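Student: To start, I am sharing the structure in question, which I have written as structure tokens.
The values are calculated or read from the model by the stated rules, or taken from the named source; none is laboratory data. Note that this is a predicted model, so its numbers are computed, not measured. Positions of Cβ are generated from backbone atoms using ideal geometry, with glycine treated the same way; all protein chains shown enter the neighbour counts.
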Amino acid sequence: MAKNKGSGGGTVTIAAPGAVSSGEFVVAGSLTGVALDNALIREDVVLQTQGVFEMRKTANNVAVGVGAKLYAANSSNQVTTATGGGRTFVGYALNASPASASTPVSVLLAPVGA
């Protein structure tokens, strides 16, 4: 076994770029993941970078279809199909959700660097 091996690949530990709560998206540069614990700024936080997580849509979001690209909404723990405004791509929708529905979206996390 290599002595320089770090993570197993599905999780990484980083210094939190801001205060985060368990279950929230964390965006650090191009790295995205879901926090597995609470952390204050600069504290170590473990991010899940693979898998499927249920997330809420932004209130004014359009309908989401299966396979839609999803982005972390700024300053919230929600997803949107809207691009721009500094939003970061986080994954793909695995279920449909009408624009008027509060149906959570199952998000397949995008591979790091996608």
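Student: With the structure loaded, tell me whether T32 is buried (at least 18 other Cβ atoms within 10 Å of the Cβ), within 19 Å of T11 (Cβ to Cβ) and at pLDDT below 95 or whether it fails that test. Please lay out each step first, then the result.
Tutor: Numbers: buried (at least 18 other Cβ atoms within 10 Å of the Cβ): yes; within 19 Å of T11 (Cβ to Cβ): yes; at pLDDT below 95: yes.
Yes.
Student: Determine if region 48-60 includes at least one residue that is over 23 Å from G10 (Cα atoms), modelled with pLDDT of 85 or more and exposed (fewer than 15 other Cβ atoms within 10 Å of the Cβ). Full working, then the answer.
Tutor: Kept after step one, since they are over 23 Å from G10 (Cα atoms), are these residues of region 48-60: 57-60.
Then drop every residue that is not modelled with pLDDT of 85 or more, which leaves 57.
Right, trim to exposed (fewer than 15 other Cβ atoms within 10 Å of the Cβ) and you get none.
No.
Student: For region 70-88, give me the residue count where each residue is surrounded by 15 or more Cβ atoms within 10 Å (Cβ to Cβ) and within 12 Å of the chain's Cα centre (by Cα).
Tutor: Count: 10.
Student: What is the one condition in (1) assigned to a loop (DSSP other than H, G, I, E, B); (2) touching a Leu at 6+ places or on another chain (Cβ under 9 Å); (3) within 20 Å of S106 (Cβ to Cβ) that G33 does not satisfy?
Tutor: With respect to (1) assigned to a loop (DSSP other than H, G, I, E, B); (2) touching a Leu at 6+ places or on another chain (Cβ under 9 Å); (3) within 20 Å of S106 (Cβ to Cβ), G33 is out only on (1).
Student: Scan region 106-114 and give yes if some residue there is surrounded by 15 or more Cβ atoms within 10 Å (Cβ to Cβ), of a type in the set (V, I, T), within 14 Å of G33 (Cβ to Cβ) and at pLDDT 90 or above, otherwise no.
Tutor: Yes.
Student: Count, please, the residues in region 69-101 that happen to be more than 27 Å from P17 (Cα to Cα), modelled with pLDDT of 90 or more and of a type in the set (A, V, I, L, M, F, W, C). Give the derivation first.
Tutor: Our first condition is that a residue be more than 27 Å from P17 (Cα to Cα); within region 69-101, this holds for 94-101.
After this cut, where a residue has to be modelled with pLDDT of 90 or more as well, the list is 94-96.
Okay, now just the ones that are also of a type in the set (A, V, I, L, M, F, W, C), so 94, 96.
The number of residues fulfilling the criteria is 2.
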